[in-house]
Amino acid sequence: MAPKNHNASQGRPHRKDAARSKDKRVHPKVGRSQPDAERRGERRVISGRKIKPSSAPKLVRRSPIAEKPSLEQQHGNSVDPQLETANLTGVTDASDADNDLIYGRHPVLAALESQRQLNRLWIIPRLRYDSRFHSLLLQAKANGTVIDEVDHRRLDQITQSANHQGIAAQVTSYVYADLQEMIERSKSTAEQPVIVVADSITDPHNLGAIIRTAEALGSQGMVIPQRRAVGITSTVVKVAAGALETFPVARVVNLSRALEELKTAGFWVYGTAATASEDLDTVKFTGAIALVIGSEGEGLSLLTQRCCDTLVSIPLKGNTPSLNASVAAGMALYEIYRQRRATTLHLGGCFAKKVQQSITKLETS
């Protein structure tokens, strides 16, 4: 007796037959078999749940980014009640007002002492108690300067990571001097004035160093060209270390014409050139002098050389063929200063000797 087929008795198809009929089922929507539809990315329903095909992209939900705390919240800076500060808005870096930004203790201190108009000042907490700054800061605040107490990181942002030494200030734009006024003032304040002329200096560090040296050795001013040369920038002010608060700089359109004006006013124009036949130490620098310094790479232009009355060279002993523009200017300016100081001391010694002889003569008579 054959075994009973329970599936058949219950009206169910055989397992293999059921599998065949399952493969041949037609998708109710598109008329394709269900496995083909699944391979094409279509959805199917199993036990009441919608299943997406495995090839569908997964959406990842990102957590929100937490806000970065401000520098004031991180460090908890306190503010001196007498130096009430404003919010840190406005200038965010040196590119906003590069020419109007000064930084470093000497330049800012010189600006405060000369009572130059400061729009805004940033300072670290430690410097506000410095005896050199505290009273000047109070005076600047009374004159309308906004004073912000910040940390080094904020000053790094403002000065673009320059050597700010803990203090920076936004000042009014530098006012260039008028050439004719400079000439008249130099002749009225010095018996033998010296004016430095920079021919196409493009490096702000060189220009700042020349200004600092010229002011320190008693020069009365400087002339720079308007084109193809650096002007008075924040870097120049920093390197000059406060000299620009008392040292005038004239900016001219035509440098050759400016040299002719100096000649007309009685200045003898000396130019520094490596190929000049006269050595610096053999020239007698007397009277009003205009000393012309050439650019870093090219030196004096041919047109400028033609405008000079005398070309001088600095004798060198080593293998280095030339000097940096600021170094050459410093050596030439010191030679002028040395000669005039020696003359003054000699005249002073002769005068003292004559006075002593007169006193001795009176005592013996």
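The values are calculated or read from the model by the stated rules, or taken from the named source; none is laboratory data. It should be emphasised that the depicted structure is a prediction, and the values quoted were computed from it without experimental measurement. Note that each Cβ is placed from the backbone with ideal geometry, even for glycine, and that neighbours are counted across all protein chains shown.
Figures for the structure shown
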item	result
Unique residue being surrounded by fewer than 21 Cβ atoms within 10 Å (Cβ to Cβ), on the phi < 0 side of the Ramachandran plot, among the hydrophobic types (A, V, I, L, M, F, W, C) and in contact with a strand residue (DSSP E or B) (Cβ under 8 Å, 6 or more places away or on another chain) when the list is VAL292, VAL312, VAL283	VAL283
Matching entry among LEU262, LEU244 (being farther than 27 Å from SER322 by Cα, crowded, with 19+ Cβ neighbours inside 10 Å, in contact with a Pro (Cβ under 9 Å, 6 or more places away or on another chain) and modelled with pLDDT of 90 or more)	LEU244
Complete set of residues in segment 139-156 that are of a type outside the set (A, V, I, L, M), within 9 Å of ILE123 (Cα to Cα) and buried (at least 17 other Cβ atoms within 10 Å of the Cβ)	ASP148, GLU149
Flag if THR159 is surrounded by 16 or more Cβ atoms within 10 Å (Cβ to Cβ) and more than 30 Å from ALA288 (Cβ to Cβ)	yes
Tally of residues being part of a helix (DSSP H, G or I) and within 30 Å of the chain's Cα centre (by Cα) across segment 185-211	8
Scan of segment 91-131 for residues that are at pLDDT 85 or above and surrounded by fewer than 15 Cβ atoms within 10 Å (Cβ to Cβ), ordered by number	GLU113, ARG126
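The rows are residues; the columns are (1) in contact with a Phe, Trp or Tyr (Cβ under 8 Å, 6 or more places away or on another chain); (2) touching a residue at least 12 places away in the same chain (Cβ under 8 Å); (3) closer than 23 Å to TYR334 by Cβ.
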site	(1), (2), (3)
GLY166	no, yes, no
SER186	no, yes, yes
GLY218	yes, yes, yes
ARG228	no, yes, no
THR233	no, yes, no
ALA241	no, yes, yes
VAL252	no, yes, no
